[in-house]
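The values are calculated or read from the model by the stated rules, or taken from the named source; none is laboratory data. Everything quoted here is computed from the prediction, not taken from an experiment. All Cβ positions, even for glycine, are placed from backbone atoms using ideal geometry, and neighbour counts span all protein chains on display.
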Amino acid sequence: MANKEILICTGTGCLSSGAEDIEARLVELLKQHDLEKEYPVKEVIKKTGCLGPCSLGPTMIIMPEKTFYGRLQVSDVEIIVEEHLMKGEVVSSLLTEDSHHHPIEDYTQIDFMKGQMRIALRNTGLLDPNSINDYIAKDGYKALHKVLTEMSQEQVIEEIKTSQLRGRGGAGFPTGLKWEFTRKAVGDQKYVVCNADEGDPGAFMDRSILEGDPHSIIEAMTIAGYSVGAGQGYVYVRAEYPLAVKNLSLAIEDARLAGYLGEDIFNTGFKFDLEIRVGAGAFVCGEETALIASIEGERGQPRPKPPFPANSGLWGKPTLINNVETYANIVPIILQGSSWFNSIGTETSKGTKVFAIAGDVNQTGLIEVPMGTTLREIIFDIAGGIPGGREFKAAQTGGPSGGTIPPEYLDLPIDYESLKKIGAIVGSGGLIVMDDRSCMVDVARYFLDFTQDESCGKCIPCRIGTKRMLEILERITIGEGQSGDIDRLISLGNTIKETSLCGLGQTAPNPVLSTLQFFRDEYETHINEKNCPARHCKALVGSYTIDPEKCVGCGLCAKKCPVEAIKGEKKQPYKINSDKCTVCGVCVTTCPVDAIS
């Protein structure tokens, strides 16, 4: 059983749904059935990070068969032990099915994983993040050894430039150029910083990498330190990521003990060390100059640019800043070569991109696909399409800084240039899918409410401009929209984009301007007819009614109604008490036969 491994996901998502109880029950049963010799717990059971298919968690993979069990309950563990581990028989009832309802045993062949190409996520879900030996077994620290013993600073940077890797934090700036600028900058001290202040709603790409593969970031930052001439690095992580902080802290300690951090790494005379800085969770600290201010102990507010951090960053010294996903691509590029990496993707957007896909899809989670993959492939092939057979309405990429993609662009390649042409951005990788029940005016209001609340307040366009835009949107969604509101939103949005101090302020109007570009008719209906076509805005809906011809009397709506406004008898049409109904819409989303309108 030397190659036998039982991988249990203990990323944040699976932990929240009971992964620890599943692991504890597995240990208990191995002892109970006297299987410890055949399956030594410390060697066989590996508590991993997130593999990606979050909606299937908690998950377990049995290697080397690659057998994938999802949506596990504690009671399932006994069946797995008695059938799979003791008899060698796969428990088919616990397998995930494909789109044709055929059970799939091999995790690489489930629909959610088949269309992926994992580079940044190459190790997440497949190794124990708290074991440096696991990382070394997967060629860990080989790239660092190669760089320090075989390559000059210029050669490393040239390799990154030739790969055409672009920053994965949102702006898409060429990574190699940023490294070159920092190396050439004059300074007696230089710094390398990892931006792990991931603040977009629904985004968890960086968190999952830090939780599941922290050594890959340590190795990449050390390579970056050598390349630009820095001896000290900082990882800036938000406090809402306690597991990421814990796993990264342990990995840094282990790397120091193993000689991969500290003095005289690989006996080359190069020294480099890392520290973690925990941020308080301000969205604006995702902007690099605000992040620098926060590390320095100042209030997290952006600073005018130029000077850029490459010339004057942390404590006024040349500073290289990349986000987690960008660093996660460095080791594979060094080991497999720049030509391999730039053969993936499109002409101007090379490599892969990690997305956190959420919203109205059958399978939510973390995916990594080649640049140029279409939205249709992501939503319908990987994520399993829209639940309940409903229609796709839009996808929001780039979070509060991004834009909306309507159905007519489902086959548009997802890359930097293609999305820019339609007013959207790749961003850091948040991808929220919406079905035909989503109100695009309210979507814009939601994102603007977020950015307005998170504005640092330093510059007037962002502080005041977003507040005025939000006030207009709030009026529109409660039926008080006025003639000229659309023009006012466009004018304010363009002014904020042109005059805000930092990138976050400059992109804050994007969700509004994007939804106006593709769904202007919804705004006009809200304003002119005082009606919400999606039946979402409570003040414009009126009251719900149940069509007795369609109602099958299942009673699901009554069970879900938070104010008990729905009454009826099983297999008979139900009725809504309009006096008690708060028009929350829960019944509409619950009804399996669309009988409520």
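If you check Tyr260, Tyr236 for being assigned to a loop (DSSP other than H, G, I, E, B) and either of a type in the set (A, V, I, L, M) or within 21 Å of Tyr191 (Cβ to Cβ) (or both), only one passes: Tyr260.
Within the option set Gly286, Gly231, Gly212, being buried (at least 24 other Cβ atoms within 10 Å of the Cβ) and either over 28 Å from Leu504 (Cβ atoms) or modelled with pLDDT of 95 or more (or both) holds for one residue only, Gly212. Residues in the stretch 194-201 include none that are in the same structural domain as Lys46 (by TED's automatic domain parsing), buried (at least 17 other Cβ atoms within 10 Å of the Cβ) and not basic (Lys, Arg). Only residues that are in contact (Cβ under 8 Å) with a residue 40 or more places away in the chain and of a type in the set (Ser, Thr, Tyr) were counted in the stretch 473-498, giving 2.
Number of residues in the stretch 514-565 that are over 36 Å from the mean Cα position of the chain (by Cα) and on the phi < 0 side of the Ramachandran plot: the value is 13. Is it the case that the stretch 316-326 has a residue that's modelled with pLDDT of 95 or more and more than 28 Å from Leu144 (Cβ to Cβ)? Yes, the stretch 316-326 has at least one match. Residue selection: Phe204 satisfies the criterion of being of a type outside the set (S, T, N, Q), surrounded by 17 or more Cβ atoms within 10 Å (Cβ to Cβ) and out of contact with any Lys or Arg (no Cβ under 7 Å at 6 or more places or on another chain). Residue count for the stretch 340-376, restricted to those that are over 16 Å from Leu51 (Cα atoms) and touching a residue at least 12 places away in the same chain (Cβ under 8 Å): 21.
Whether any residue in the stretch 77-94 is among the small types (Gly, Ala, Ser) and closer than 18 Å to Leu127 by Cβ is what I want to check.
First pass over the stretch 77-94, keeping only residues among the small types (Gly, Ala, Ser): 88, 92-93.
Subsequent filtering for residues that are closer than 18 Å to Leu127 by Cβ retains none.
No.
Can you find, within the stretch 550-583, the residue that is farthest from Asp360 (Cα to Cα) among those that are in contact with a helix residue (DSSP H, G or I) (Cβ under 7 Å, 6 or more places away or on another chain) and in a loop (DSSP other than H, G, I, E, B)? Reasoning before the result, please.
Within the stretch 550-583, the first condition is being in contact with a helix residue (DSSP H, G or I) (Cβ under 7 Å, 6 or more places away or on another chain), and the residues that meet it are 556-557, 560-562, 566-568, 574, 583.
Applying the additional criterion that residues be in a loop (DSSP other than H, G, I, E, B) yields 561-562, 568, 574, 583.
Working: Cys561: 21, Pro562: 22, Gly568: 29, Tyr574: 27, Val583: 21 Å.
Applying the filter and picking the extreme gives Gly568.
Scanning the stretch 397-411 for residues that are closer than 18 Å to Ile367 by Cα and either modelled with pLDDT under 95 or assigned by TED's automatic domain parsing to the domain that holds Cys591 (or both) returns Thr397, Gly398, Gly399.
If the condition is being assigned to a helix (DSSP H, G or I) and buried (at least 22 other Cβ atoms within 10 Å of the Cβ), then the stretch 478-498 contributes Leu489, Gly493, Ile496. Across the stretch 234-276, the qualifying residues are those that are in contact (Cβ under 8 Å) with a residue 40 or more places away in the chain and among the β-branched types (Val, Ile, Thr), and the one among them that is nearest to Gly11 (Cα to Cα) is Val237.
With touching a helix residue (DSSP H, G or I) at 6+ places or on another chain (Cβ under 8 Å), among the β-branched types (Val, Ile, Thr) and either crowded, with 24+ Cβ neighbours inside 10 Å or farther than 21 Å from Met440 by Cβ (or both) as the only criterion, which of Ile330, Ile344 stands out? Don't jump to the end; show me each part of the working.
Details: Ile344 fails: touching a helix residue (DSSP H, G or I) at 6+ places or on another chain (Cβ under 8 Å).
One residue alone meets the criteria, Ile330.
Tally time: how many residues in the stretch 535-549 are assigned to a loop (DSSP other than H, G, I, E, B) and either polar (S, T, N, Q) or closer than 21 Å to Ser483 by Cα (or both)? Walk me through how you get there before you give the answer.
First pass over the stretch 535-549, keeping only residues assigned to a loop (DSSP other than H, G, I, E, B): 535-537, 542-545, 547-549.
Restricting the remaining residues to those that are either polar (S, T, N, Q) or closer than 21 Å to Ser483 by Cα (or both) gives 537, 543, 545.
Summing the residues that are assigned to a loop (DSSP other than H, G, I, E, B) and either polar (S, T, N, Q) or closer than 21 Å to Ser483 by Cα (or both) in the stretch 535-549 gives 3.
Kindly provide the set of residues from the stretch 521-534 that are part of a loop (DSSP other than H, G, I, E, B) and surrounded by fewer than 18 Cβ atoms within 10 Å (Cβ to Cβ), ordered by number. Spell out the reasoning first.
Keep residues of the stretch 521-534 that are part of a loop (DSSP other than H, G, I, E, B), which gives 529-534.
Answer for the stretch 521-534, where residues must be part of a loop (DSSP other than H, G, I, E, B) and surrounded by fewer than 18 Cβ atoms within 10 Å (Cβ to Cβ): Glu529, Lys530, Asn531, Pro533.
Can you tell me how many residues within the stretch 392-449 are of a type in the set (Phe, Trp, Tyr), surrounded by fewer than 24 Cβ atoms within 10 Å (Cβ to Cβ) and either in a helix (DSSP H, G or I) or within 14 Å of the chain's Cα centre (by Cα) (or both)? Selection size over the stretch 392-449: 3.
Any idea which of Glu78, Glu89, Glu97 is within 25 Å of the chain's Cα centre (by Cα) and surrounded by fewer than 21 Cβ atoms within 10 Å (Cβ to Cβ)?
Values: Glu78 fails: within 25 Å of the chain's Cα centre (by Cα); Glu89 fails: within 25 Å of the chain's Cα centre (by Cα).
Answer to the selection: Glu97.
Take residues that are aromatic (Phe, Trp, Tyr) and closer than 26 Å to Phe355 by Cβ and tell me which of the strands (runs of 3 or more DSSP E) falling wholly in the stretch 11-115 contain 2 or more. Explain how you work it out, then say what you get.
Numbers: elements: 45-48, 60-63, 67-69.
By residue number, 67-69.
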